[in-house]
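Worksheet: one structure, shown below.
The values are calculated or read from the model by the stated rules, or taken from the named source; none is laboratory data. Computed from a prediction, not measured in an experiment: that's the story for all the values here. Note: ideal-geometry Cβ built from the backbone for every residue, glycine included; neighbour counts use all protein chains shown.
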Amino acid sequence: MRLAAHWRAMFAVATVLALGVAGCGGDDDSTSEQPANNNSAPQEAKKGGDLTVMYAGDVDNIDPGITYYQYGFMVTYATQRPLYSYKPDDAINPEPDLAEGPPEISDDGKTLTVKIRPGVKFSPPVNREVTTKDVKYAIERAFTKNVNGPYVGAYMSDIDGVKEFQDEKADEISGITTPDDQTIVFKMSRPRAAIVAGALSLPVSAPVPKEYAKKFDDAKGASQYGNNQAFTGPYMIENDASGKLTGYTPGSVIKLVRNPNWDESTDYKPAYADSITIKEGNDAQVASRQILEGESMISGDFQLPGQILARTSQGDEKDQLVLTPPTGRFRYIALKNTTKPFDDVNVRKALSAAFDRDALRKAFGGELVGKIPTHWIPPGQPGYDEAGGDAGPGVDFLKSETGDLELAKEYMKKAGYESGMYDGGKTFTGVSDNATQQKAVSETAVQQFAKLGFKVDMKYVTRDAMYTKYCQVPRDQPDVCPSVGWLKDFADPETLLDPVFNGKNILDVGNSNFSLLDNPDTNKLMDDAEIVNDPTERNKAWGEVDKAITEQAPSIAWLWDTQPMLVSKNVAPVVNQSNASFDLAFTSLK
């Protein structure tokens, strides 16, 4: 076994850690002027007060084993303690959270050992100290049908015994053992210990007490643990004596209060605010004005309207606009590749060529919100340079940011459309986020589809519904999901490409391969790249994967984004670079 130095070196480039999913109505008054306010460094601050976070929608799921959404993670990292997490100013190196130190990785990359710190307790009504058996159960439940964790298959399926457990031929995953209450060991069939270690920074590794949770996990249809969960973080969702959540009303409010069993001596998080109230169902324009003109408020899941960006980037409220570094997220228009004619690569290339992607960016807020992609892996991420950097691999259909209609028609002719226009007569279905900026992007996308004769009938719903009811459920998925995005799970190129484009990761529910791309050649490239552990060679391998996916044109990539956010004047904001959002445990009131 090798300790921290090996893990840090291997992880810092090959499998280093960070996460989520998400994205509206600007016009030409948007601006590219960059404010200097980028608060990611932890700071000394006073404790106390109630912080309010304004959301447009709801979290995708309140259960830490199920949520796979940037703003669900925002809540989970304040209320739960996974084995590892990230300090606000470091999206590369994971910080031991429930773990007491870095993992041990065997020389053959097939065994991973983690020790947890003593003294961490569950909130009421469980009230006992956490053991590694609780971590083992948390991961096992994610592989059950009632929980169906959306990312565990992508990162943890090589653990010995997973298939037997999923097929209900075994009561536990044999490759996860707990020799004692402070030690957990993972054994796997392929050299995947580094990527599993990376995944231990995701909420799935937050402990779950089996004796309390199993009755909720076994509920008919789907687990009810999320509404009855026990917490280990500095905050908990307000609940009653039985543990049932009283502080969560879907689509309305999530109320976080202090966890009485949290011991700050065991945690690096300061947890400044006494309580945090997430108010949901807000209009982005109205909420933005309330934050700017009010007190003790920050923005949450909505993209800032173009008029607000212009107002704050140039005026007296400049200090209230907060920008992240490049987030490690790409935004794209997902085309269902199993729908004709989107199953034809030439049609998909034609659409990418035809789209004025700068018009989409303007609808989203202008140059301030990010760069237009030339491939998939975003700037600042491992594998970006190897995939071609700013220039990309040089495909012609992504060369023009404003669209090349003549080139698009040439691709349509290659697909058999003699006029260069779609003449199939079908009206395609689409489901979009109804938030201001995302809706504007989707409306612009409908106009871009029409340039080649495609008619899209767009339905507008809340973001959580867009994902959980439509775009993440292949059975109910529309032909077009125009307002989706993908944020790294942690800083490894696999987390940007494998869950989104590998055919083996298409799931019945909680699916993240919105394109439903299942190309045998690119699947094999990804499967081979998964077990490359040398950092330099790994980045090269995933750079080649990026190029292959780019050539497949599975969907229309239109933004590598930053994340503009707002705060009231009396808020001292801290951004978590890993999650590209405010860190609720570090943000405070002045």
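Residue by residue through the range 565-577, note down the ones that are touching a helix residue (DSSP H, G or I) at 6+ places or on another chain (Cβ under 9 Å) and small (Gly, Ala, Ser).
Ser568 - this is the single residue of the range 565-577 that is touching a helix residue (DSSP H, G or I) at 6+ places or on another chain (Cβ under 9 Å) and small (Gly, Ala, Ser).
So Trp558 fits all but one of (1) among the hydrophobic types (A, V, I, L, M, F, W, C); (2) in contact with a helix residue (DSSP H, G or I) (Cβ under 8 Å, 6 or more places away or on another chain); (3) surrounded by fewer than 23 Cβ atoms within 10 Å (Cβ to Cβ); what number is the exception?
(3)
When only residues in the range 435-455 that are of a type in the set (A, V, I, L, M) and either in a loop (DSSP other than H, G, I, E, B) or over 25 Å from the mean Cα position of the chain (by Cα) (or both) count, which is modelled with the lowest pLDDT?
In the first step, residues of the range 435-455 are kept if they are of a type in the set (A, V, I, L, M); the result is 435, 440-441, 445-446, 450, 452.
From the residues that got through so far, the ones that are either in a loop (DSSP other than H, G, I, E, B) or over 25 Å from the mean Cα position of the chain (by Cα) (or both) too are 435, 446, 450, 452.
On the way: Ala435: 82, Val446: 98, Ala450: 98, Leu452: 98.
Here the residue is Ala435.
Given (1) over 19 Å from the mean Cα position of the chain (by Cα); (2) within 28 Å of Lys145 (Cβ to Cβ), identify the lone condition not met by Asn502.
Against the list (1) over 19 Å from the mean Cα position of the chain (by Cα); (2) within 28 Å of Lys145 (Cβ to Cβ), Asn502 comes up short only on (1).
So is Ala154 within 26 Å of the chain's Cα centre (by Cα) and either assigned by TED's automatic domain parsing to the domain that holds Lys210 or buried (at least 22 other Cβ atoms within 10 Å of the Cβ) (or both) or not?
Details: within 26 Å of the chain's Cα centre (by Cα): yes; either assigned by TED's automatic domain parsing to the domain that holds Lys210 or buried (at least 22 other Cβ atoms within 10 Å of the Cβ) (or both): yes.
In short, yes.
When Lys371 is evaluated against the numbered criteria (1) basic (Lys, Arg); (2) over 21 Å from Gln438 (Cα atoms); (3) surrounded by fewer than 18 Cβ atoms within 10 Å (Cβ to Cβ), which criterion, by number, is the only one it fails?
That leaves (2) as the condition not met.
When you scan the range 395-434, how many residues do you find that are closer than 22 Å to Trp558 by Cβ, assigned to a loop (DSSP other than H, G, I, E, B) and either of a type in the set (Asp, Glu) or not assigned by TED's automatic domain parsing to the domain that holds Lys340 (or both)?
Number of matching residues: 2.
Do you know which residues across the range 508-538 are closer than 17 Å to Val473 by Cβ and surrounded by fewer than 19 Cβ atoms within 10 Å (Cβ to Cβ)?
Passing the criteria: Asp508, Val509, Asp518.
Among the residues of the range 150-168, how many are assigned to a loop (DSSP other than H, G, I, E, B) and β-branched (Val, Ile, Thr)?
Count: 0.
Can you say whether Asp457 is in the same structural domain as Thr339 (by TED's automatic domain parsing), under 26 Å from Gln577 (Cα atoms) and among the charged types (D, E, K, R), as far as the supplied structure shows?
No.
Any idea which residue in the range 83-113 is surrounded by the fewest Cβ atoms within 10 Å (Cβ to Cβ), counting only those that are among the hydrophobic types (A, V, I, L, M, F, W, C) and closer than 25 Å to Leu584 by Cβ?
Ile92
From the list Ser174, Ser123, which residue is part of a loop (DSSP other than H, G, I, E, B), surrounded by 22 or more Cβ atoms within 10 Å (Cβ to Cβ) and touching a strand residue (DSSP E or B) at 6+ places or on another chain (Cβ under 9 Å)? Spell out how you get there, then give the answer.
Working: Ser174 fails: surrounded by 22 or more Cβ atoms within 10 Å (Cβ to Cβ).
Only one candidate passes the filter, namely Ser123.
Restricting to the range 271-307, give me the number of residues that are crowded, with 18+ Cβ neighbours inside 10 Å, at pLDDT 95 or above and of a type in the set (A, V, I, L, M, F, W, C).
Final tally of qualifying residues: 9.
Among the residues of the range 50-76, what is the count of those that are in a loop (DSSP other than H, G, I, E, B), aliphatic (A, V, I, L, M) and within 16 Å of the chain's Cα centre (by Cα)?
Adding up the residues that qualify gives 3.
Condition test on Val147, is it closer than 17 Å to Glu172 by Cβ, in a loop (DSSP other than H, G, I, E, B) and modelled with pLDDT of 95 or more? Outline the logic, then answer.
Details: closer than 17 Å to Glu172 by Cβ: yes; in a loop (DSSP other than H, G, I, E, B): yes; modelled with pLDDT of 95 or more: yes.
Criteria met by Val147.
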